[in-house]
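The values are calculated or read from the model by the stated rules, or taken from the named source; none is laboratory data. None of the values given here were measured: they were computed from a predicted structure. A quick note on method: Cβ atoms are made from the backbone with ideal geometry, for glycine too, and the neighbour counts reach across all protein chains shown. The area values use the complete protein model at the heavy-atom level, side chains included, leaving out ligands, DNA and RNA. Shrake-Rupley method; radii C 1.70, N 1.55, O 1.52, S 1.80 Å.
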Amino acid sequence: MTAKTKARVPLSRERILRAALELADANGIESLSMRKLGQKLGFEAMSLYNHVANKDDVLDGILDLVLAETAPPSSSEDWDTAIRESAVSVHDALTRHPWACPLLMEPGRVRPARLRYMDLLLGRLREAGFSSETTYTAYHVLDGHIFGFALWESSHRYTAEEISSFAERFAETITPDAYPYLYEHGEQHMSDGPHREVSAFELGLDLIVAGLKKMRITNESRRGVPR
């Protein structure tokens, strides 16, 4: 038996999916192929089909791994705390795996864990006292903020060369005389400071949750429900 044979770890579905997740994280989902996955694992691509059905099965599998990093709204916390903590966990997972957001939004890739999350989020809103009509809107506001912000962040990922080129164009085009506030904003992008300590995602999320809490209090007051 050669040293190369001794070092070869047997294939398994878990090992294949973990390797696929690493490839997608490193180079983007478009770079993932069965051939490249086989090369990373040290096997011919055909060997992978003993453990996964096809590339679609791999994509579904790595989406399940990403969703496993998220936490659905807890039933043991206050509704607002549970929803906030869950939203942050989903955002953090999508930040770690930026390719996953567009894939999760495809109609044909609604995974069981995603369905469970959706049902629990809707349930926490209804159990908090929101009507079905308000819950309908609140759910879409929350989900839109989570996924929309993740998409926005993924479109603002730049290499060092791209940042340098952007800074040069910025200096040529955005002058303090012509665009004073945009210039100030651009300077903040290029520097450290207190603004770097604020999570824009969490600020937006807190504004949404605060708005829902205010709406809930107003509705209870109209119904004469004691707080």
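Brief remarks on what is shown
- Note on region 1-74: with neighbouring protein chains present and a 1.4 Å probe, carbon and sulfur make up 52 percent of its accessible heavy-atom surface.
- Relative contact order of region 1-121, pairs being alpha-carbon contacts under 8 Å that are 6 or more residues apart, as %: 23 percent
- Averaged over its residues, region 57-189 has an accessible area of 56 Å² per residue, based on protein heavy atoms and a 1.4 Å probe.
- Just checking the listed ones, 148, 186, 38: in the Gaussian network model of the chain with Cα springs under 10 Å, the one fluctuating most is 186.
- Mean Cα-pair separation over length for the chain, i.e. relative contact order, pairs under 8 Å, 6 or more apart, %: 16 percent
- Along the chain, the longest continuous region that contains none of the chymotrypsin sites (Phe, Trp or Tyr not before Pro) in a DSSP loop with at most 15 other C-beta atoms within 10 Å is 50-157.
- Candidates 169, 35, 216: whichever shows maximal mean-square fluctuation once the chain is modelled as a Gaussian network with Cα springs under 10 Å: 169
- Burial order of peptide ranges 26-33, 205-212 (average beta-carbon count within 10 Å, highest first): 205-212, 26-33
- Karplus-based coupling profile of region 91-100, in residue order and whole Hz: 4, 4, 5, 5, 6, 5, 10, x, 5, 6, with θ = phi - 60° in 6.51 cos²θ - 1.76 cosθ + 1.60 and x standing for Gly or Pro.
- What you get for region 1-104, charging only the Cβ of Lys and Arg (+1) and of Asp and Glu (-1), is a dipole of about 960 debye around the Cα centre.
- Whole-Å distance, taken between Cα centres, linking region 185-199 and region 128-181: 14 Å
- Computed from the C-beta positions of residue 192 and residue 155, the FRET efficiency with R₀ = 22 Å rounds to 0.45.
- Taking Cα centre as origin and charging only the Cβ of basic (Lys, Arg, +1) and acidic (Asp, Glu, -1) residues, the dipole magnitude of region 133-227 rounds to 980 debye.
- Extended-chain gain in nm, criterion 0.36 nm per residue less alpha-carbon gap, residue 35 and residue 22: 3.2 nm
- Considering helices alone, the calculated mean residue ellipticity of the chain at 222 nm is -21500 deg cm²/dmol, with DSSP H runs of length four and up weighted by -39500 (n - 2.57) and normalised per residue.
- Between residue 206 and residue 50, the FRET efficiency from the beta-carbon distance, with R0 = 35 Å, is close to 0.10.
- Comparing 83, 174, 16 in a Gaussian network model of the chain (Cα springs below 10 Å), the most mobile by mean-square fluctuation is 174.
- The length gained on full extension between residue 95 and residue 181, counted as 0.36 nm times the residue separation minus their Cα-Cα distance, comes to 28.1 nm.
- Placing unit charges on the Cβ atoms only, positive for Lys and Arg and negative for Asp and Glu, gives the chain a dipole magnitude near 1120 debye about its Cα centre.
- Gained length - residue 132 relative to residue 168, 0.36 nm times residue gap less alpha-carbon distance: 7.8 nm
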